[in-house]
Amino acid sequence: MNHLKQLIREIPDFPKPGITFYDITTLLKDKQGFRRTVDALQEHYRNASVDVVVGIEARGYFFAPAMAHALNAGFVPVRKPKKLPWEVKSVDYQLEYGTDQLEIHSDAVEPGQKVLIIDDVLATGGTASAVARLVELLGGTVAGLGFVIELSFLHGRDKLASYDVFSLLQY
């Protein structure tokens with residue numbers, strides 16, 4: 001996977017001093033890199049019999065629809081408040097400095113469906129954990145959580161210990 005790391009631009013001190021931002025837009029624009037990324041994620045979940053792939057706003061949307069297509073599954077967006085036009089279920093979750101909220105259509109996941117959650121980065125695990133709670137609130141079963149990048153030093157995987165967590169690249 002080192003060839004994929006070479007396609008990711010590292011931007012020091014963004015969005016604030018001391019933070020390194022891993023910019024995936026350089027990976028996305030590379031047709032072979034993007035294909036390899038989706039193929040590698042899909043390979044891990046090929047036999048998971050996934051019904052629905054949930055993408056987390058916003059960068060999860062780059063990969064989740066492609067994964068849904070590759071796995072012959074539906075795609076469901078999870079969004080920030082007041083962005084979905086139908087009845088929603090919501091969950092609050094902790095951020096480093098405060099709380100935030102995510103929403104999903106109340107009919108987006110049917111009871112018993114196997115759901116794969118996809119996002120670009122696993123950092124502290126708070127967002128991914130909140131989305132897993134939303135899926136379970138609707139009666140779905142979390143088949144796994146897939147990420148392109150995992151910031152291992154933030155220990156986000158610890159919040160997701162009861163799930164199958166897969167990441168392509170670790171920093």
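The values are calculated or read from the model by the stated rules, or taken from the named source; none is laboratory data. Here the structure is a predicted model, which is why all the values come from computation and not from measurement. With ideal geometry, Cβ positions are generated from the backbone for all residues, glycine too; neighbour counts draw on all protein chains shown.
Summary of values
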item: From Ala123, Ala64, Ala143, residue being touching a Leu at 6+ places or on another chain (Cβ under 7 Å), among the small types (Gly, Ala, Ser) and within 23 Å of Tyr22 (Cα to Cα); result: Ala123
item: The stretch 135-151 residues that are without any contact (Cβ under 8 Å) to a residue 60 or more places away in the chain and crowded, with 23+ Cβ neighbours inside 10 Å, paired with ones that are assigned to a helix (DSSP H, G or I) and charged (D, E, K, R) (beta carbon under 9 Å, 6 or more apart); result: none
item: Flag if Pro65 is of a type outside the set (Val, Ile, Thr), over 25 Å from Lys5 (Cβ atoms) and in contact with a Phe, Trp or Tyr (Cβ under 8 Å, 6 or more places away or on another chain); result: no
item: Scope the stretch 52-75; condition among the hydrophobic types (A, V, I, L, M, F, W, C) and either in contact with a Pro (Cβ under 9 Å, 6 or more places away or on another chain) or touching a residue at least 40 places away in the same chain (Cβ under 8 Å) (or both); matching residues; result: Val52, Val53, Val54, Ile56, Phe62, Phe63, Ala64, Met67, Leu71, Ala73, Phe75
item: Qualifying residue in the stretch 70-80 (condition: among the hydrophobic types (A, V, I, L, M, F, W, C) and loosely packed, with under 15 Cβ neighbours inside 10 Å); result: no
item: The stretch 63-82, residues that are at positive phi and either part of a strand (DSSP E or B) or of a type in the set (Lys, Arg) (or both); result: Lys82
item: Hits in the stretch 93-111 (condition: touching a strand residue (DSSP E or B) at 6+ places or on another chain (Cβ under 7 Å) and either small (Gly, Ala, Ser) or modelled with pLDDT under 95 (or both)); result: Tyr93, Thr99, Asp100, Ser106, Ala108
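A quick yes/no check of all residues on (1) touching a strand residue (DSSP E or B) at 6+ places or on another chain (Cβ under 7 Å); (2) under 21 Å from Gly146 (Cβ atoms); (3) in contact (Cβ under 8 Å) with a residue 24 or more places away in the chain:
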residue: Leu27; (1), (2), (3): no, yes, yes
residue: Asn47; (1), (2), (3): no, yes, no
residue: Pro81; (1), (2), (3): yes, no, no
residue: Val88; (1), (2), (3): yes, no, no
